[in-house]
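Asks: Right, I'll just put the structure down here and ask away after.
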Amino acid sequence: MAGAAAASRRRPPRVSMQEHMAIDVSPGPIRPIHLISDYFPHFNPFAEPALRTPDPRPAVAPATHPAPQRQPDLEPEGDSDDSTALGTLEFTLLFDADNSTLHCTAHRAKGLKPPASGSVDTYVKANLLPGASKASQLRTHTVRGTRGPVWEETLTYYGFTRQDAGRKTLRLCVCEDPRLRRRRRAPPLGELRVPLRRLVPNRARSFNVCLEKRRLTKRPKSLDTARGMSLYEEEVEAEVAGEERGRILLSLCYSSQRGGLLVGVLRCAHLAPMDANGYSDPFVRLFLHPNVGKKSKYKTSVRKKTLNPEFNEEFFYAGPREELAQKTLLVSVWDYDLGTANDFIGGVQLSARTSGERQRHWRECLGRSDRRLELWHPLDGVPLQLSD
């Protein structure tokens with residue numbers, strides 16, 4: 001009994017935390033304490049505890065947990081503008097100056113980030129800016145079920161001149177095809193823009209560019225009433241007057257064997273949309289003035305719902321070369337409307353009295369026999385005076 005009492009006297013008494021707080025706290029002068037956590041980790045730092053050396057082996061040492069700090073928002077992998085997070089697109093551009101064509105070959109995309117999880121069905125859509133969106137819109141086929149699609153498809157713009165290369169920009173969009181999975185139409189997964197002035201004629205150039213987010217701007221009020229136009233449009237510059245209507249590729253050849261002029265209507269490009277769906281149903285009319293014969297007027301067949309029609313139709317005007325040189329060839333492009341008057345899209349006049357490329361095309365054709373000359377001509381927006 002005496003031994004147990006002696007052992008209890010040698011053992012230090014156990015003090016609870018509540019007793020420790022009640023006993024050790026004593027008021028005193030307010031002075032800064034550098035190691036206040038050694039005494040009271042959660043106590044008000046402006047209250048000064050009793051100054052004493054802390055026990056090197058405290059009986060009760062409450063665990064201290066530092067207050068959680070707010071972590072900064074982590075930047076996504078890639079650039080700060082989130083461009084690389086949308087993926088990359090590999091493509092090749094070739095400006096064929098001899099044939100007035102621009103070839104864009106879409107190879108593949110990598111690291112696409114669709115809004116929904118899982119696979120995605122994608123295609124590439126191309127536009128020339130500035131200009132009407134659908135007038136220069138081309139697209140590839142759709143590749144299904146992958147975030148790294150491979151297209152290996154070439155899109156060709158006809159009637160692309162050196163002047164176009166100096167002032168136009170090619171926009172490429174990687175889009176999700178909602179038709180295959182019955183989804184609503186969504187904005188593009190990403191887009192990029194390439195100023196075409198960087199291209200060297202007749203030399204292919206390959207690109208591997210990061211996709212960016214789509215940019216939209218409010219359409220000016222003066223254009224809100226145009227048919228086939230939406231309220232918002234892509235960010236483009238103002239189109240040069242005279243180029244809004246499109247252009248036409250004509251071939252002229254004076255046939256010495258047949259004794260007359262062969263006029264070929266090959267194709268049109270970037271026509272102005274005249275219908276509410278953003279397209280047109282174009283056809284071409286020809287009129288040789290003055291001409292009293294019945295074969296002075298011709299027209300091509302109608303191409304449905306397109307702004308880049310291909311005709312490849314040829315017409316013949318009989319007459320000696322000297323007589324044809326004094327006449328004027330009127331070429332006009334129209335939008336066919338069932339039950340109502342046809343809409344005028346644009347026209348061009350070829351004669352010895354015109355100027356520039358139109359005059360040169362006419363004179364060179366009649367100056368040499370049996371030689372076919374092909375040339376692109378921009379369409380004028382002023383209606384031609386043609387009698388029915």
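Asks: For Ala126, all conditions in the list (1) out of contact with any strand residue (DSSP E or B) (no Cβ under 9 Å at 6 or more places or on another chain); (2) closer than 29 Å to Asp335 by Cα hold save one; what is the number of the exception?
Replies: Condition (1) is where Ala126 drops out.
Asks: List every residue pair whose Cβ atoms lie under 9 Å apart, where the two residues are 6 or more positions apart in sequence or sit on different chains, the first residue falls within region 329-344 and is part of a loop (DSSP other than H, G, I, E, B), and the second residue, located anywhere, is open to solvent by less than 10 Å² (accessible area, probe 1.4 Å) and at pLDDT 90 or above.
Replies: Listed pairs, sorted by first residue: Tyr336/Ser280; Tyr336/Pro282; Tyr336/Phe283; Asn342/Phe283; Asn342/Asp335.
Asks: Under 6 Å by Cβ, and 6 or more places apart or on different chains, what pairs join a residue from region 261-272 that is in contact (Cβ under 8 Å) with a residue 60 or more places away in the chain and more than 16 Å from Ser100 (Cα to Cα) with one that is crowded, with 22+ Cβ neighbours inside 10 Å and among the charged types (D, E, K, R)?
Replies: From region 261-272, the pairs are Ala272/Arg245.
Asks: Taking Asn291, is it open to solvent by 30 Å² or more (accessible area, probe 1.4 Å) and either without any contact (Cβ under 8 Å) to a residue 12 or more places away in the chain or under 42 Å from the mean Cα position of the chain (by Cα) (or both)?
Replies: Details: open to solvent by 30 Å² or more (accessible area, probe 1.4 Å): yes; either without any contact (Cβ under 8 Å) to a residue 12 or more places away in the chain or under 42 Å from the mean Cα position of the chain (by Cα) (or both): no.
It is false that Asn291 is open to solvent by 30 Å² or more (accessible area, probe 1.4 Å) and either without any contact (Cβ under 8 Å) to a residue 12 or more places away in the chain or under 42 Å from the mean Cα position of the chain (by Cα) (or both).
Asks: Does Trp376 count as open to solvent by less than 50 Å² (accessible area, probe 1.4 Å), at pLDDT 90 or above and within 30 Å of Tyr279 (Cα to Cα)?
Replies: Numbers: open to solvent by less than 50 Å² (accessible area, probe 1.4 Å): yes; at pLDDT 90 or above: yes; within 30 Å of Tyr279 (Cα to Cα): yes.
So Trp376 fits the description; yes.
The values are calculated or read from the model by the stated rules, or taken from the named source; none is laboratory data. All values reported here derive from a predicted model rather than from experimental measurement. Methodologically, a virtual Cβ is constructed for each residue, glycine included, from the backbone with ideal geometry; neighbour enumeration extends over all protein chains shown. The accessibility values were calculated without ligands, DNA or RNA, using every heavy atom of the protein model including side chains. Shrake-Rupley method; radii C 1.70, N 1.55, O 1.52, S 1.80 Å.
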